[in-house]
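Structure, as structure tokens:
The values are calculated or read from the model by the stated rules, or taken from the named source; none is laboratory data. All values reported here derive from a predicted model rather than from experimental measurement. Positions of Cβ are backbone-derived with ideal geometry, glycine not excepted, and every protein chain shown enters the neighbour counts. Ligands, DNA and RNA are stripped out before the accessible areas are found, and what is left, the full protein with its side chains, is counted by its heavy atoms. Shrake-Rupley method; radii C 1.70, N 1.55, O 1.52, S 1.80 Å.
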Amino acid sequence: MAPAGAELKIGKKVSEGKTKAVFELPELPGCVLMQSKDQITAGNAARKDRLEGKAAISNATTSCVFQLLREAGMKTAFVRKHSDTAFIAAHCEMIPIEWVCRRVATGSFLKRNPGVKEGYKFYPPKIEMFYKDDANNDPQWSEEQLIEAKFCFAGLIIGQTEVDIMAHSTQAIFEILEKSWQPQNCTLVDLKVEFGVNMSTKEIVLADVIDNDSWRLWPSGDRSQQKDKQSYRDLKEVTPEALQMVKRNFEWVAERVELLLKTKSQGRVVVLMGSPSDLSHCEMIKKSCANFGIPCELRVTSAHKGPDETLRIKSEYEGDGIPTVFVAVAGRSNGLGPVMSGNTAYPVVNCPPLSADWGAQDVWSSLRLPSGLGCSTILSPEGAAQFAAQIFGLSNHLVWAKLRSSMLNTWISLKQADKKLRECTL
């Protein structure tokens, strides 16, 4: 693959919409170039204006959002940013449905649901779908309509399984972005996404773009401070000064969306093993921590044979101000976890490497604890790492995003396995 920014031979135009065009890339089979335009529209292009610089702003926003989602583990069509105004994506056959996820009732939802006041909160977020049909103003569709349409894209028939995957993915994408905007004190009110079928892998992936046209974003939860395209829709008259105000809003979002890829929150896992013979068990914990982007250190210490050293190591990690989860790995009689739990305010997790011979007896040293101790016990190394990630995810949106994406991908794999089994049975 050509390096980012390198000259690419642009092939024929695949499609063109109101704000972007899609081109083949002969040198990159299976990929296309998504080229943004300096165009802003509203009301299915009933209002349309040129906004100089919008292509670069939209491309920067989309590239950051897709990078965030991809690094979290979401399946997307995004490959990489190519230039200021274009990015490379996997070639997909698009499914003509706009999926909308709402946390707060506003906009068209209020018109379609008279009696609901603006600001009504949806728990869980509300999912809606709209068929892409400009001539009929993108009518709202039901799940049943989508299934009965019997669409087939890139050889994949859109049935109940595919509809469920897109609905669950829409909610997960919204929740990841909602969580990511919270450190910026911004409320993600709602979000519009589209899916396509990857022409190469034949799987459903998040496609198209997610830019400032795709969501409502209210700083401090205040609608009057809105920074999204609604500020353009609400213009009573389009003047050069008004368009500059809209552009400043878009630039504000593009600058801050880069911060979604970073976190000020720190954290680490420290695995204490009672013996170097437990190393392989501990390395599985470390590997799983790496999957969540969490640093992990391994130490050897025995609370039975060297309690003073165990407490010294504990103090070493308590003293530098980095939030820490201790994982105690000790077989036979586990004194390590309880001793740590009784002497630190930091979370402690027991993850004993149980043997087949005495495991049923040994585990009780991790489960039956004196009063005043709060260490949990998780037998799986992967589970211990996941539990630590859930602790750090409370204050680190990047870790939380990986957890949420992992949940979704597990659900999708089970859904697809069930579909495959039923097809084999039939």
Inter-probe distance in nm under a simple model that places probes 7 Å from Cα toward Cβ, at Glu71 and Ile322: 1.8
So how strong a dipole does region 189-292 carry about its Cα centre when Lys and Arg Cβ are +1 and Asp and Glu Cβ are -1, to the nearest 20 debye? 280
Using +1 on the beta carbon of Lys and Arg, -1 on that of Asp and Glu, and nothing else charged, what's the dipole of region 268-395 about the Cα centre, debye to 20? 100
Amide H to amide H, which residues 5 or more places from Phe195 or on other chains are under 5 Å from it, using H placed in the peptide plane? Ile95, Ile97, Ala207
Sum -39500 (n - 2.57) across every DSSP H segment of at least 4 residues in the chain, then divide by the residue count to get the 222 nm mean residue ellipticity, nearest 500. -11500 deg cm²/dmol
How much of the accessible area of region 316-372, probe 1.4 Å, is carbon plus sulfur, in whole percent? 53
Ordering Ile391, Ile294 from largest to smallest accessible area (1.4 angstrom probe), what's the sequence? Ile391, Ile294
So, over other residues within a Cβ distance under 10 Å of Val197, counting Lys, Arg +1 and Asp, Glu -1, the net charge is -2
List the lysines whose Cα lies under 22 Å from the Cα of Lys12, skipping any in the same chain that are fewer than 8 positions away. Lys20, Lys37, Lys81
List the lysines whose alpha-carbon lies under 17 Å from that of Lys305, not counting same-chain residues fewer than 8 positions away? Lys314
Output the relative contact order of the chain, whole-number percent, from Cα pairs under 8 angstrom with separation of 6+ residues. 12
Along the charge dipole of region 166-316, Cβ charges K/R +1 and D/E -1, which of Val197, Ser224, Ala290 sits furthest on the positive end? Ala290
Dipole size in debye (nearest 20) for the chain around its Cα centre, Lys and Arg Cβ +1, Asp and Glu Cβ -1? 420
How do 118-125, 406-413, 168-175 rank on mean C-beta neighbours within 10 Å, highest first? 168-175, 406-413, 118-125
Classified through the alpha carbon gyration tensor (a ≥ b ≥ c as square roots of its eigenvalues; rounded if a/c is under 1.5, else prolate when a/b is larger than b/c, else oblate), region 268-395 comes out rounded
Mind grabbing the accessible area of Val339 for me, 1.4 Å probe, Å², rounded to tens? 50
When the distances between all Cα atoms of region 8-62 are binned every 10 Å from zero, what whole-number percent does each bin get? 24, 44, 27, 6
Could you list which residues have their amide H under 5 Å from that of Cys92, counting only those 5 or more apart in sequence or on another chain, with H placed in the peptide plane? Met199
Can you tell me the Rg and the Dmax, both Å, for the Cα atoms in the chain? 25.6, 80
Of 342-349, 362-369, 135-142, 206-213, ordering from highest average Cβ density within 10 Å down gives 206-213, 342-349, 362-369, 135-142
Could you work out the Rg to Rh ratio of region 57-261, with Rh taken as the Kirkwood radius (inverse of the mean 1/r over all Cα pairs)? 0.96
Those cysteines in the chain that have no second cysteine Cβ within a distance under 4.7 Å are Cys31, Cys64, Cys92, Cys101, Cys152, Cys186, Cys282, Cys351, Cys375, Cys424
Ranking Met245, Cys351, Ser214 by how far each Cα lies towards the positive end of the charge dipole of the chain (+1 on Lys and Arg Cβ, -1 on Asp and Glu Cβ), the top one is Met245
For region 157-266: lysine pairs with Cα atoms under 16 Å, gap of 8 or more or different chains, count? 6
Could you report the chain's accessible area per residue, 1.4 Å probe, as an integer in Å²? 48
Once the dipole of the chain is set up with Lys and Arg at +1 and Asp and Glu at -1 on Cβ about the Cα centre, which of Leu336, Phe130, Cys64 lies farthest towards its positive end? Phe130
Accessible-area ranking of Lys286, Lys117, Lys48, largest first, probe 1.4 Å: Lys117, Lys48, Lys286
